[in-house]
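Beneath this line is the structure, given in structure tokens, with notes to follow.
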Amino acid sequence: VKRGEKVLDMGTGTGIIPLLLSAKTQGEHFTALEIQKEIAEMAARSVAMNHLEDKIEIVNGDIKEASRIFGGASFDVVTTNPPYMNDAHGLKNPTEVKAISRHEVLCTLDDVVREGAKVLKSGGRMYMVHRPHRLIEIITAMKQYKLEPKRMCMVHPFKDKEANMVLIEAVKGGGSWLKMEAPIIVYKEPGVYTDEIYSIYGY
């Protein structure tokens, strides 16, 4: 996030992404959208405890309505860590907080990408964390809504394990050019982060 930019975090949960971004970047304002009322209230308490009410706004609302809530082309950056799993059938309690956070119970990947594209300004950027097994769906949806994937990075728990997360940056209205970055390895041994992870988190 660059100086003066406005950011929307879609499906913010307890608000950790806008809290980190407000500390680590020079963005002007951060809006965080969360559909679960009790979770949104937790996020708002975290913002208040950090005295960031003038910089971060928590909105209790539906991702599927993001463009109606905020208006089109209203943000420079969208961040999102959406529900990964699309096999929501068979869940014992689809209204449970963990189920809503992890499974596409209340929104789909298409909803997230569509609404993210609508609220982004031309040339704006979407940053998404997701699972590698859904990469084809992600790229297809982004292309459909004129979001061009520009940077991608696989995240591996250990150097000898397959990737379990993918990080993607896409630009609204961008041309076709994708940079595949070096993979990120999280742990060098169980319970011990790699030097790269420590540097990312600023330890």
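The values are calculated or read from the model by the stated rules, or taken from the named source; none is laboratory data. Quick caveat: nothing in here was measured; it's all calculated off a predicted structure. No Cβ is skipped: glycine too gets one built from the backbone with ideal geometry, and neighbour counts run over all protein chains shown. Surface areas here come from the heavy atoms of the whole protein model, side chains and all, with no ligands, DNA or RNA. Shrake-Rupley method; radii C 1.70, N 1.55, O 1.52, S 1.80 Å.
State to the nearest 20 debye the size of the charge dipole of the chain about its Cα centre, where the only charges are +1 on K and R beta carbons and -1 on D and E beta carbons.
480 debye
Once every DSSP H run of n ≥ 4 in the chain is given -39500 (n - 2.57) and the sum is divided by its residues, what mean residue ellipticity at 222 nm do you get, rounded to the nearest 500 deg cm²/dmol?
My calculation for the chain gives -8500 deg cm²/dmol from helical runs alone.
Give me the extension gain from L20 to K64: residue separation times 0.36 nm, minus the current Cα-Cα distance, reported in nm with one decimal.
13.4 nm
Taking the mean number of other Cβ atoms within 10 Å as a proxy for protection, how do you rank 59-67, 5-13, 129-137 from highest to lowest?
Output ranking for 59-67, 5-13, 129-137: 5-13, 59-67, 129-137.
Taking all protein chains together and a probe of 1.4 Å, list T25, T140, T108 from the most accessible to the least accessible.
So, going from the largest accessible area down, we get T140, T108, T25.
Would you calculate the separation in nanometres between label points at H156 and Y198, each defined as 7 Å from the Cα along the Cα-to-beta-carbon direction?
2.1 nm
Just subtract the alpha-carbon distance of D110 and K179 from 0.36 nm times their residue separation and send over the number in nm, one decimal.
22.5 nm
How much of the accessible area of segment 108-203, in percent, comes from carbon and sulfur atoms when a 1.4 Å probe is used?
Carbon-and-sulfur percentage of accessible area, whole number: 58.
Starting from the residue with the highest accessible area, list E96, E115 in decreasing order, probe 1.4 Å.
Greatest to least solvent exposure: E96, E115.
Round to the nearest 0.05 the FRET efficiency obtained for E96 and D54 when R0 = 41 Å and r is the Cβ-Cβ distance.
The computed FRET efficiency comes out at 0.75.
For the chain, with every protein chain kept in place, what is the accessible area per residue (1.4 Å probe, Å²)?
Ligands and nucleic acids excluded, the result is 55 Å² per residue.
Considering only Cα-Cα distances, which of the following residue pairs are longer than 30 Å: K37/K121; K121/K188; K24/K159; K121/K161?
K121/K188; K121/K161
Expressed as a whole number of Å, what is the distance separating the alpha-carbon centroids of segment 22-79 and segment 161-203?
Comparing the Cα centres of segment 161-203 and segment 22-79, I get a distance of 24 Å.
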